[in-house]
1. Taking one equal scatterer on every alpha-carbon of region 134-203, how large is log10 of I(q)/I(0) by Debye at q = 0.22, 0.23, 0.27, 0.29 1/Å?
2. How much accessible area per residue does the chain have, in Å², with a 1.4 Å probe?
3. What do you reckon, how do Arg177, Arg203 stack up by accessible area (1.4 Å probe), largest on top?
4. In deg cm²/dmol and to the nearest 500, what is the mean residue ellipticity at 222 nm of the chain if only DSSP H runs of at least 4 residues count, each as -39500 (n - 2.57), divided by the residue total?
5. Lone cysteines in the chain, defined as no other cysteine's Cβ under 4.7 Å from theirs: which are they?
6. Express in Å², to the nearest 10, the accessible area of Cys89 obtained by rolling a 1.4 Å probe over the protein heavy atoms while all chains stay in place.
7. Angle between the Cα long axis of helix 54-66 and the longest principal axis of the chain, 0 to 90 degrees, nearest 10?
8. Once you keep just the Cα pairs under 8 angstrom separated by 6 or more residues, what percentage relative contact order results for region 96-200?
Amino acid sequence: DQVIHDVALQELPVRFILDRAGIVGEDGPTHHGTFDLGYLGMVPNMTVMAPSDECELSRMLHTAAAIDYGPCAIRFPRGSVAGVDMSSCDEPVETGRGRLLSKGRDVSMIAAGTMVKPVMEAAKILASKGVEASVIDARFTKPVDEELVAGSAEGGTPIFVIEENAVAGGFGDAVARCLSGSGITVPVIRIGIGDIFVPHGTREELLEELGLTAGRIAGTVMLSLSRSGAGIDGGS
């Protein structure tokens, strides 16, 4: 009620800063932030941002400060910083626009927030097996960058959406709705957290168990391609 009645209905420029998004490790099942992309993504007038590192977080804070037409949320994880160059991180990002990090012909992988780095690593693993993957940093899970998403599906390329969030009602569903609304029919495979409450464990252990590490993501992509008969030469 507070989010919808007091903020979104009135299009108030309230900034929701969500710490401990995704898997929080030893904080346990009561503290994992695995549902926010779903429940915030269905609220009208809401903008949802997912930075992939501390520079992107800084830029998105500047973006949020400039939004004056409705609420927005920025979700970032528990953990240490990535150690990226912070010398030019005060420029806002364009609202609703993702970025293409690499271009490949065989599959497209769209990652949100914390999953960008492991997906880039997964793309290298796939390349060693003869699979060329495009990688997109979504930046915004709402609104979805329709132009970038549609472009990633050119030629019937299968799309994998990777998020550290519940799959049901999550970012992958938003991507699938975007493509369907544009009349684009390609396979959309969602990689995320199933219909469970994530148990206690270290972040590293849980991400491996949930299939959200670079190796597990690459394995899921290869398995999906083999099952679909996509004709990819997976190598050895």
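1. Rounded to two decimals, the profile gives -0.94, -1.01, -1.33, -1.49.
2. Per residue, the chain has 48 Å² of solvent-accessible surface.
3. Of Arg177, Arg203, the descending order of accessible area is Arg177, Arg203.
4. Computed ellipticity for the chain at 222 nm equals -9000 deg cm²/dmol.
5. Cys72, Cys178
6. Here the accessible area works out near 10 Å².
7. Around 40 degrees separate the two axes.
8. In percent, rounded to a whole number, it is 30.
The values are calculated or read from the model by the stated rules, or taken from the named source; none is laboratory data. Predicted model only: the values in this text are computed from it and were never measured. Here Cβ is always computed from backbone atoms with ideal geometry, including for glycine, and neighbour counts include all displayed protein chains. Protein only, heavy atoms only, side chains kept; ligands, DNA and RNA dropped before computing areas. Shrake-Rupley method; radii C 1.70, N 1.55, O 1.52, S 1.80 Å.
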